[in-house]
Amino acid sequence: MAKLRHIVFNTTDVERLAQFYVDVFDMEIIHRSHKGGISLTDGYMNLSIHTNKSDGKPSGFNHFGFEVEDNEEIAARFEEFGYRAPVKRPGDRHYAEYRAIDPDGNNFDISENGFETIRPDQDLAATETEDA
């Protein structure tokens with residue numbers, strides 16, 4: 001069974017929102033991205049807070065992520081049931097190897113690597129030069 005492991009929110013003030021979750025829920029900051037994002041954990045579920053850079057796009061929910069045992073098995077299930085296949089994430093993404101959407105268009109990540117450690121195939125050169 002896949003495990004829901006992270007939720008992502010966009011905000012115009014990453015530090016303020018992260019501090020709220022640290023102060024009120026004792027969440028621990030586990031990563032600070034060079035792009036300004038902050039990842040927190042409660043020891044099981046991770047909460048990532050990203051900078052909302054889109055003019056007119058509301059802050060709030062962005063996507064969630066599943067940790068799975070086998071990415072290929074999950075991709076095969078998409079095909080088996082007639083859903084759009086997951087797409088491989090670029091090398092500059094810290095954690096998830098794939099991104100997919102559900103029938104209502106909600107984005108979610110799929111990862112064998114999980115969301116505790118940066119994925120081994122991450123392209124560090126791309127993360128240092130890209131400002132997305």
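Bridges between two residues of the range 1-118, per DSSP, are antiparallel at a rate of about 70%. In order along the range 4-10, the Karplus-derived 3J(HN,Hα) couplings, from 6.51 cos²θ - 1.76 cosθ + 1.60 at θ = phi - 60°, round to 5, 10, 8, 10, 10, 10, 9 Hz, and Gly and Pro are given as x.
We did not get these values from a lab; they are worked out from the coordinates using the rules stated. Nothing here was measured: the structure is a model prediction, and the numbers come from that model.
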